[in-house]
Structure formats: C-alpha cells, structure tokens
1. Suppose we keep only residues that are hydrophobic (A, V, I, L, M, F, W, C) and outside any loop (DSSP other than H, G, I, E, B) within region 175-190. Which one would you say is farthest from the chain's Cα centre (by Cα)?
2. Can you give me the ranges of the helices (runs of 4 or more DSSP H) entirely in region 1-117 with at least 2 residues that are more than 20 Å from Ala264 (Cα to Cα) and either touching a Leu at 6+ places or on another chain (Cβ under 7 Å) or of a type in the set (A, V, I, L, M, F, W, C) (or both)?
3. Taking region 21-51 as the region of interest, how many residues are without any contact (Cβ under 8 Å) to a residue 40 or more places away in the chain and more than 20 Å from Gly79 (Cα to Cα)?
4. Return the total of residues in region 259-299 being buried (at least 22 other Cβ atoms within 10 Å of the Cβ), part of a loop (DSSP other than H, G, I, E, B) and touching a strand residue (DSSP E or B) at 6+ places or on another chain (Cβ under 6 Å).
5. If only one of Thr252, Thr257 is of a type outside the set (Asp, Glu), closer than 24 Å to Pro101 by Cβ and without any contact (Cβ under 8 Å) to a residue 24 or more places away in the chain, which one is it?
6. Can you tell me which residue is least open to solvent (accessible area, probe 1.4 Å) among those in region 300-336 that are in a helix (DSSP H, G or I) and of a type in the set (Asp, Glu)?
7. Report yes if Ser141 is touching a residue at least 12 places away in the same chain (Cβ under 8 Å), of a type in the set (Ser, Thr, Tyr), over 24 Å from Ser36 (Cβ atoms) and in a loop (DSSP other than H, G, I, E, B), otherwise no.
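The values are calculated or read from the model by the stated rules, or taken from the named source; none is laboratory data. This one's a predicted model, so the numbers in the text were calculated from it and none came from an experiment. Cβ: placed from backbone, ideal geometry, glycine included. Neighbour counts: every protein chain shown. Only protein heavy atoms, including side chains, enter the accessible area calculation; ligands, DNA and RNA are left aside. Shrake-Rupley method; radii C 1.70, N 1.55, O 1.52, S 1.80 Å.
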Amino acid sequence: MTTPSNMPENNENIADQLARGNQPAMLAGHKYEAISVGGFETCHMFPSLKLCFDIGRCPQKAIAANNLLLTHTHLDHVGGIFAYVASRGMLGLEPPTVVVPPGTSTKIRAAMDAVSALDGCQMEATLVELSPTSAEGVRLSNGLIARAFFTSHPVVSQGYVVYRSKSKLKEEFRGLDQKDIAARARSGVKVNEAYEVPLVSFTGDTDVRFLQPIVGDISDIGDGDEDDVAYHRHYRDDVDGETASPSDRHDTRAVQTLRDALMADAFLCECTFVDDSVKRADALAFGHMTYQDIVAHRECFTKCRHLVLTHFSARYKAQEVRDALQERLPTDVWERCIPLLRQFSESSKDNASSK
C-alpha cells in the first residue's frame, strides 16, 4: 500500500488499515471499519460503539451493530437493510434500532414486509424517524445520543452526529474546597451538569449546500449543466413531497448539530470527485461534493481531529485519489485527512468488483 510520505504517520496507518479491510482501525479511540464506493455501497461500522452509518450491501460485521443510522434511501446505502435485520433475527440478536429521515419509515417498513413475505422470515426492527429540528435527538441502546443535520441530495437525506453524555462541575462551584462541594452534594444540591461530546459525525451523500446555514448562500459556483442545476435546485425540497423550509434549515438545534458535526473527533464526509473532470456545478446538481468544495470552505474542514473522506467515484484508482488530495487540499486540511480506499484497486477496472 502506497501512501503519501507527508501524511501524518497515525493517519497513514489508519488509512492503510482501512484500505486493507482485514481488521478494524482505531479512529479517535474507537474501532472502525468501512467500505464506501460511490454508487455501489456504503457502510461505516463502529463495533465499539455498537452502531453503523448506512448499510450498503450489509457487510457481515455490520450485523453485530445494535443501531443503524440511515442517511437516505438510495440502494447503495440502504440495500442491505433486509439482510441486516433478518440476520440479526436468525442469530437471536435483539431487534435493532434503525434511525431514518422524516417521512421514510412507512416505505422502509413496507419494503421490509414485502421481503419478509417473499423470504418467509421475520423482520423485527424499531424504526425511528429523527428530524434535525428535534431537541431531544434519539437515545441509542448503548447510551449514546444521535442527532441529525440537514443535507442536500436528490432524495430526502440527513447527516448524523453521535454524542456521549458526560457531566462536569457547575461553574458556580469551581474553585470551592472539595469538602464543601461534597457537603453540598450530600444536602441535595446538584453540583454537576450534563454536557454532550460529539464523537463521530457522518454526512452521507450530499452536495456542499449542507454548509449553507453556516457559510451563507452557495448558489453561484460556476457553469454546469443548466437543466440539471435547475432540476435539483433548492435543496431538493420538491422531492417526493418532502419539504425542508429555509426556517427549518436555520433552526437553532439543526445548526448547532451541524457545527458539532464539523467539530467531532471523527468527521466522515463525502468527496465523490477529486479532480477537475467534473465541474463543481455539475457535482452540486447531482447532490455530491468535489474537492473544490472543501478548498472553497476550508475553515469548515479544519475543526475536527480526523477528516475521513469517503464515497469516491469508482472511476478512480486508489493512488489517483491519494495524489489528487495531497496535491489539491490545503495543508491544514490534508494533515487531518484519511481517504477511505477499501475496494479501490491500483487497477480501476477492479474498483467495486473485488471482494
């Protein structure tokens, strides 16, 4: 495996482990395995957190996850849900919690019922719709909390942030003697307060407009195919009757979750195109990101500890991706970057086909 010599050593090791795919890598203190080839399959697994983002073709190791967070319903992200749910039932595992975007649970359930009838199996799962405007989020079975943020794609979509809840001493008690604090606590005074730490975040498939609530309007990014740009404008609000109003997208909770996503220990972000063969406007028209979007908004990609770039187009060879990112990304972005290249061969004809 060849990696650029100036990639930070730890990131180089993580990238190599992920590319080999024979054992989990340690990402921000959490075991992590993943596969993501644009248009073919995407599944990000965190065994130690008992969760995965999207289910692709359902890698065998994903079955152990108690929690599945689906970003959208394109088949390369959701197609494995039937094998995932049925396999857990066959193995006697508890029904999983499946978090989905608003308005999608009924159709997902109908699809599961249809496959269940064809296969003769039981498909038991708890489907939970989560809105980015939800103040509560969803408490997962492992005690973690999931919240959503708006993204921009040709179908209803959203990204996620997974938090761990911790407690700290309230500010008014800091500096007091420990015995005094303990006495107050024994008397029933609440001396601690809870706070949430963003551990891992994932965009799913999106174009750069998911950043608009933070960076402002991103409508003029150059020439693209006018028909495509016109059809996919306005965050896909007209898709399938689902709408997300501008006020929703600038909802305080939704915007805070987006900010948390950018600051997570591990930020998993799509970057489908890494060269100039696809115009930035055309990438936006089809709901995807290009390296140019990251360069244009570099300040949004330098707040995380690790930036895992994912969902590269199957047109690329692995070394092409590495070389392109090293050459084109700003240094302060590249130094935290981990390209996810499992299933990307040095021969492009093998991409997405070797297993």
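1. Ala183
2. Details: elements: 9-20, 75-78, 81-90.
Hits in region 1-117: 75-78, 81-90.
3. Initially, region 21-51 is screened for residues without any contact (Cβ under 8 Å) to a residue 40 or more places away in the chain, giving 22-26, 31, 33, 43, 45, 47-48.
Checking which are more than 20 Å from Gly79 (Cα to Cα) leaves us with 22-26, 31, 47-48.
Number of matching residues: 8.
4. Within region 259-299, residues that are buried (at least 22 other Cβ atoms within 10 Å of the Cβ), part of a loop (DSSP other than H, G, I, E, B) and touching a strand residue (DSSP E or B) at 6+ places or on another chain (Cβ under 6 Å) number 4.
5. Criteria check complete, one pass: Thr252.
6. The selected residue is Asp332.
7. Taking the combined requirement at face value, the residue satisfies it.
Residue by residue, here is whether (1) within 28 Å of Leu49 (Cα to Cα); (2) among the polar types (S, T, N, Q) holds:
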| residue | (1), (2) |
| --- | --- |
| Ala254 | yes, no |
| Met263 | yes, no |
| Leu268 | yes, no |
| Val274 | no, no |
| Asp293 | no, no |
| Thr310 | yes, yes |
| Arg322 | no, no |
| Trp334 | yes, no |
| Gln343 | yes, yes |
